[in-house]
Amino acid sequence: MDRIRILVVAAGCVCVCLSGLGCAARSSGAPSVVVKRTQMHMGTLVSITAVGESDQAANQAITAGFQEVKRLEQLLSTWIPDSELSRVNAAAGAKPVPVSPDTLNVVRLAMQVAEMTEGAFNIAIGPAVDAWNVSAQPRLPTAGELEALRPLMNLRAVHADVRERTIFLDKAGMRIDVGGIGKGYAADQAVIAMQKAGAAAGVVALSGDIKTFGRLPGGRRFPVAIQHPREEGAILVLVDLQDEAISTAGDYERFFEKDGIRYHHILDPATLQPARGCQSVSVIAKDGVWADGLDTGIFVLGPERGMALVERLDDVEAIIVDQAGRLHVSSGLRNRVRAPSSSGRMGPER
Ligand code: ADP
Ligand code: MG
């Protein structure tokens, strides 16, 4: 029950605002039917919007998108005992496990994000995430308990072998978890499936991990609202996207408070404590996999080092709210973000 509540809150961190669109009338032969459907996958609400020439065409593309998300969930979810990643984790310290190109790809991309963020992003952090158990039964692990787990989080002990197509974790007890990057990857792949199925434009949103392609009928880009990290339901800023992805990591999605201190689900691999520099980080990139991996990594790096990284990277922009609530917007976004109207509220569709 608690998990559902938490996930519904998480679903509010970024949303696509499609005001007054519904099924538009056909005009000038351009695809102009907009259909949106929502289902529960990867433990979260997945909304897919397609622009097509007909209701049937749009629905076919949406079905293809959902099928792709479901396929990837079967490979990547660590909640599914016989998923590929669960089998890799079960064989830690014992043997390499053959995996599909997608699983290998996600893990290799995650290693690249780890390198780019100097280890702030770490898919082997699972044992520490479990020790905190923020999402289910939160507790404060002792420093000694956390330090004892540290050898299990060494990314050099993760071997993703492209030639053999295997993944091997070389210490028993290690676990990898792509929770910080997998939804962005799934959004990208679902978009590819929708394009193959003939959609002219659309959006795949796995709660806060969103990938857009093309434009809305009439030529509008897809407007996306970013949730205010401290005012539930309020919009922080809006930005229009075309062929871009956005992903938000925040300390307000899954957290508990004890003695006035907020403990949340994004851990700093250096301290094994919840990362303290930011309230929220939204990253815009061409691909969802980069937006999702980098939002988590930049959240850990904090506003200064995180924004410095964003400014070094091509085609990556960010909106960071630091721990004091100050807004930092990367140079390439300053002319693109806009403030909400005074009544701006988040919602599934407005
Ligand atoms: P979500 O949208 O599910 O909140 P995020 O992109 O914000 O996803 O990533 C949070 C998840 O990433 C956590 O639930 C945890 O499983 C994992 N995680 C926590 N800390 C780190 C880290 N430093 N590096 C990589 N993954 C992490
Ligand atoms: Mg992420």
Single residue of region 94-148 satisfying the filter (among the β-branched types (Val, Ile, Thr) and more than 16 Å from ligand 2 (Cβ to nearest atom)) that is farthest from ASP170 (Cα to Cα): THR142
Residues satisfying the stated conditions in region 279-306, i.e. more than 11 Å from ligand 1 (Cβ to nearest atom), under 30 Å from ALA143 (Cβ atoms) and out of contact with any Lys or Arg (no Cβ under 7 Å at 6 or more places or on another chain): GLY302, PRO303, GLU304, ARG305, GLY306
Selected residue [more than 27 Å from GLN189 (Cα to Cα), in a strand (DSSP E or B) and among the β-branched types (Val, Ile, Thr)] from VAL283, VAL321: VAL321
Residue identified as of a type in the set (A, V, I, L, M, F, W, C), modelled with pLDDT under 95 and more than 19 Å from ARG345 (Cα to Cα) among ALA11, ALA30: ALA30
Of all residues making up region 192-210, the number that are under 15 Å from the mean Cα position of the chain (by Cα) and more than 16 Å from VAL35 (Cα to Cα): 5
Test result for ALA187, assigned to a strand (DSSP E or B) and buried (at least 23 other Cβ atoms within 10 Å of the Cβ): no
Failed condition for ASP243, given (1) within 17 Å of the chain's Cα centre (by Cα); (2) within 16 Å of ligand 2 (Cβ to nearest atom); (3) under 23 Å from VAL337 (Cα atoms): (2)
Residue that is within 22 Å of the chain's Cα centre (by Cα), under 25 Å from ALA249 (Cβ atoms) and of a type in the set (A, V, I, L, M), where the choices are ILE167, ILE181: ILE181
Matching option when the condition is buried (at least 20 other Cβ atoms within 10 Å of the Cβ), touching a Lys or Arg at 6+ places or on another chain (Cβ under 9 Å) and under 23 Å from VAL289 (Cα atoms), among ALA160, ALA110: ALA160
Selected residue [buried (at least 19 other Cβ atoms within 10 Å of the Cβ), touching a residue at least 24 places away in the same chain (Cβ under 8 Å), on the phi < 0 side of the Ramachandran plot and within 16 Å of ligand 1 (Cβ to nearest atom)] from ARG276, ARG254: ARG254
Test: residue in region 212-228 that is within 16 Å of ligand 1 (Cβ to nearest atom), of a type in the set (Ser, Thr, Tyr) and under 30 Å from ARG336 (Cβ atoms): no
Residue within region 295-306 that is in contact (Cβ under 8 Å) with a residue 60 or more places away in the chain, aliphatic (A, V, I, L, M) and touching a Leu at 6+ places or on another chain (Cβ under 7 Å) present: yes
From the options ALA200, ALA205, residue that is out of contact with any helix residue (DSSP H, G or I) (no Cβ under 6 Å at 6 or more places or on another chain), within 12 Å of ligand 1 (Cβ to nearest atom) and within 19 Å of PHE222 (Cα to Cα): ALA205
Residues of region 262-273 classified as within 15 Å of ligand 2 (Cβ to nearest atom) and either touching a Lys or Arg at 6+ places or on another chain (Cβ under 8 Å) or over 15 Å from GLY119 (Cβ atoms) (or both), total: 3
Every pair of residues 6+ apart whose Cβ atoms lie under 6 Å, when the first sits in region 199-222 and is among the acidic types (Asp, Glu) while the second is within 16 Å of ligand 1 (Cβ to nearest atom): ASP209/LYS183; ASP209/GLY184; ASP209/ALA187; ASP209/SER247; ASP209/GLY288; ASP209/ASP292
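The values are calculated or read from the model by the stated rules, or taken from the named source; none is laboratory data. These numbers were taken from a predicted model, which means no experiment stands behind them. Heads up, the Cβs are rebuilt from the backbone with ideal geometry, glycines too, and the neighbour counts pull from every protein chain shown.
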